[in-house]
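Notes follow the structure.
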Amino acid sequence: MQLFIRVNYLFTIVCVLLLSSCRQPKEPVLLKIAGETQGTYYAITYYADDSISLHPAIDSLLHRFDSTASTYKPNSIISRLNNNDPHARADEMFGIIFRKSMEVSEKTYGAFDITVGPLVNAWGFGLSNRLKMDQHIVDSLKPLVGYHKVKLNNGKLLKTDPRIRIDFNAIAQGYAVDVVSAFLDSKGIQSYIIDIGGEVLARRSKPGGEKWSVAIEMPTRQADDERTVQAVVMLQDMAISTSGSYRKFYEENGIRYSHTIDPASGYPVVHSLLSVSVMASDCMTADAYATALMVMGVEKGKEFLKHSKGLEAYFIYSAPDSSMKTYCTKGFEKLLKKDN
């Protein structure tokens with residue numbers, strides 16, 4: 001009897017061990033996909049329980065997004081609303097971007113403004129050819145600029161002047177990242193990093209516990225200069241967006257004109273801020289505030305951040321002696337890679 005009990009006991013142990021080994025979770029698979037969207041690139045790295053690619057689904061999702069928010073597509077919702085198409089109606093994605101734009105415009109006192117498009121185009125950074133700019137042209141376009149001059153009502157874009165056109169370029173890529181993030185979440189993907197044209201969101205950490213690393217580019221004098229890293233931030237459950245004045249610009253008569261237009265003056269910004277990286281819980285917010293801070297400049301930007309919860313920022317600016325200086329908020333500093 002004792003022998004039977006001992007054998008039965010050993011048999012039970014073996015069965016338990018076999019069952020537990022069968023139930024051990026699979027090692028997550030590292031997957032990478034990349035493509036083009038909104039006139040730029042996208043790159044996604046994620047860990048999944050199987051190797052089924054989500055590439056086709058993400059391409060389809062981003063194509064649908066372009067059909068809503070891209071001014072480069074003549075039949076997109078934003079293009080049709082800009083052209084006063086009586087049959088055009090805003091969809092859910094359009095409404096989300098529009099409402100966030102109005103919120104950021106209010107909080108930044110107009111430093112962020114989606115109606116600045118006519119000035120952007122006139123200065124040569126949009127869809128049309130650059131005009132020979134002077135104060136007269138600026139003054140003629142400024143009546144078409146002002147976020148308070150547009151409203152969204154039951155899917156219709158209401159304008160105080162039918163010539164007003166809105167542009168989501170300073171916020172759309174950030175929201176596209178959030179849209180892809182929501183899609184990955186819906187598929188049960190728990191660990192990933194998304195990069196669309198430099199707008200980045202990281203969810204959780206890598207399986208080993210390591211945070212995702214994101215490089216911040218060092219500003220250069222010429223747009224085609226070799227790219228080098230200024231700093232590296234360790235990201236987890238946060239988004240980061242960088243806006244700069246050193247890649248998109250042109251020089252005329254010894255004057256450098258940046259693509260960042262101040263909605264108040266109607267002119268490209270002229271100050272020492274070369275680049276600003278903003279961290280927030282979602283990428284649309286980070287994207288919009290990065291643009292707003294570029295308009296504000298270093299000192300106004302610092303003051304604004306003192307009263308802005310949920311935002312962290314890293315400034316790169318030119319000092320009076322032409323040397324490059326940096327400033328960052330305490331929350332941002334904590335996430336900088338120390339050995340960089």
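Yes/no matrix, rows are residues, columns are (1) surrounded by fewer than 16 Cβ atoms within 10 Å (Cβ to Cβ); (2) within 24 Å of LYS156 (Cα to Cα); (3) in contact with a Leu (Cβ under 9 Å, 6 or more places away or on another chain):
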residue: LYS32; (1), (2), (3): yes, no, no
residue: ALA43; (1), (2), (3): yes, no, no
residue: SER53; (1), (2), (3): yes, no, yes
residue: ALA57; (1), (2), (3): yes, no, no
residue: LEU62; (1), (2), (3): no, yes, no
residue: ASP85; (1), (2), (3): yes, yes, no
residue: ARG89; (1), (2), (3): yes, yes, yes
residue: MET93; (1), (2), (3): no, yes, no
residue: ILE97; (1), (2), (3): no, yes, no
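For every residue, the table says whether it meets (1) touching a Ser or Thr at 6+ places or on another chain (Cβ under 8 Å); (2) hydrophobic (A, V, I, L, M, F, W, C); (3) at negative phi.
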position	(1), (2), (3)
VAL179	no, yes, yes
GLY188	no, no, no
VAL200	yes, yes, yes
LYS211	yes, no, yes
ALA231	yes, yes, yes
LEU235	yes, yes, yes
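Would you please name the residue that is farthest from the chain's Cα centre (by Cα), looking only at residues in the range 307-328 that are part of a loop (DSSP other than H, G, I, E, B) and within 17 Å of CYS283 (Cβ to Cβ)?
So the first thing to find is which residues in the range 307-328 are part of a loop (DSSP other than H, G, I, E, B), and the list is 307-311, 319-323.
Pick out the ones that are also within 17 Å of CYS283 (Cβ to Cβ) and you get 308, 310-311.
Numbers: SER308: 18, GLY310: 16, LEU311: 14 Å.
Here the answer is SER308.
Would you be able to tell me the number of residues in the range 215-259 that are modelled with pLDDT of 85 or more, surrounded by 16 or more Cβ atoms within 10 Å (Cβ to Cβ) and more than 16 Å from the chain's Cα centre (by Cα)?
Taking the range 215-259 first, the residues modelled with pLDDT of 85 or more are 215-218, 228-243.
This time we only want the ones that are surrounded by 16 or more Cβ atoms within 10 Å (Cβ to Cβ), so: 215-218, 230-236, 238-243.
Filter again for more than 16 Å from the chain's Cα centre (by Cα), leaving 218, 230-232, 234.
Residues in the range 215-259 being modelled with pLDDT of 85 or more, surrounded by 16 or more Cβ atoms within 10 Å (Cβ to Cβ) and more than 16 Å from the chain's Cα centre (by Cα): 5 in total.
Look at GLY155 and say whether it is on the phi > 0 side of the Ramachandran plot, within 15 Å of the chain's Cα centre (by Cα) and not β-branched (Val, Ile, Thr).
Working: on the phi > 0 side of the Ramachandran plot: yes; within 15 Å of the chain's Cα centre (by Cα): no; not β-branched (Val, Ile, Thr): yes.
Taking the combined requirement at face value, the residue does not satisfy it.
Of the numbered conditions (1) out of contact with any helix residue (DSSP H, G or I) (no Cβ under 6 Å at 6 or more places or on another chain); (2) of a type outside the set (Phe, Trp, Tyr); (3) at pLDDT below 95, THR37 fails exactly one; give the number of that condition.
Just one mismatch for THR37, condition (1).
Give me a count of the residues in the range 147-190 that are closer than 30 Å to ILE240 by Cα, in a loop (DSSP other than H, G, I, E, B), in contact with a Pro (Cβ under 9 Å, 6 or more places away or on another chain) and modelled with pLDDT of 95 or more.
Selection size over the range 147-190: 0.
Can you find, within the range 139-156, the residue that is nearest to ASP66 (Cα to Cα) among those that are in contact (Cβ under 8 Å) with a residue 60 or more places away in the chain and touching a Leu at 6+ places or on another chain (Cβ under 7 Å)?
VAL145
Within the range 301-319, track down each residue that is touching a residue at least 24 places away in the same chain (Cβ under 8 Å) and not hydrophobic (A, V, I, L, M, F, W, C). First the steps, then the outcome.
Within the range 301-319, the first condition is being touching a residue at least 24 places away in the same chain (Cβ under 8 Å), and the residues that meet it are 301-302, 304-305, 308, 310-319.
Those that are touching a residue at least 24 places away in the same chain (Cβ under 8 Å) and not hydrophobic (A, V, I, L, M, F, W, C): GLY301, LYS302, SER308, GLY310, GLU312, TYR314, TYR317, SER318.
Hey, among SER101, SER140, which residue is buried (at least 19 other Cβ atoms within 10 Å of the Cβ) and either of a type in the set (Gly, Ala, Ser) or assigned to a helix (DSSP H, G or I) (or both)?
Step by step, each of SER101, SER140 is checked, and only SER101 is buried (at least 19 other Cβ atoms within 10 Å of the Cβ) and either of a type in the set (Gly, Ala, Ser) or assigned to a helix (DSSP H, G or I) (or both).
Please go through the range 70-101 and give me each residue that is without any contact (Cβ under 8 Å) to a residue 12 or more places away in the chain and hydroxyl-bearing (Ser, Thr, Tyr), ordered by number.
Answer for the range 70-101, where residues must be without any contact (Cβ under 8 Å) to a residue 12 or more places away in the chain and hydroxyl-bearing (Ser, Thr, Tyr): SER76, SER79.
So, VAL120, is that one among the β-branched types (Val, Ile, Thr), within 20 Å of the chain's Cα centre (by Cα), at pLDDT below 95 and part of a helix (DSSP H, G or I) or not?
yes
Being of a type in the set (Asp, Glu) and surrounded by fewer than 22 Cβ atoms within 10 Å (Cβ to Cβ) is the filter here, so list the residues in the range 265-289 that pass it. Explain how you work it out, then say what you get.
Quick first cut of the range 265-289, residues of a type in the set (Asp, Glu) only: 282, 287.
ASP282 - this is the single residue of the range 265-289 that is of a type in the set (Asp, Glu) and surrounded by fewer than 22 Cβ atoms within 10 Å (Cβ to Cβ).
In the range 157-177, which residues are surrounded by fewer than 23 Cβ atoms within 10 Å (Cβ to Cβ), touching a residue at least 40 places away in the same chain (Cβ under 8 Å) and farther than 16 Å from ARG80 by Cβ?
ASN169
Inside the range 51-69, can you point out the residues that are in contact (Cβ under 8 Å) with a residue 24 or more places away in the chain and not in a helix (DSSP H, G or I)?
If the condition is that a residue be in contact (Cβ under 8 Å) with a residue 24 or more places away in the chain and not in a helix (DSSP H, G or I), then LEU54 is the only one that fits.
The values are calculated or read from the model by the stated rules, or taken from the named source; none is laboratory data. Quick caveat: nothing in here was measured; it's all calculated off a predicted structure. As a convention, Cβ positions derive from the backbone with ideal geometry for all residues, glycine included, and neighbour counts pool all protein chains shown.
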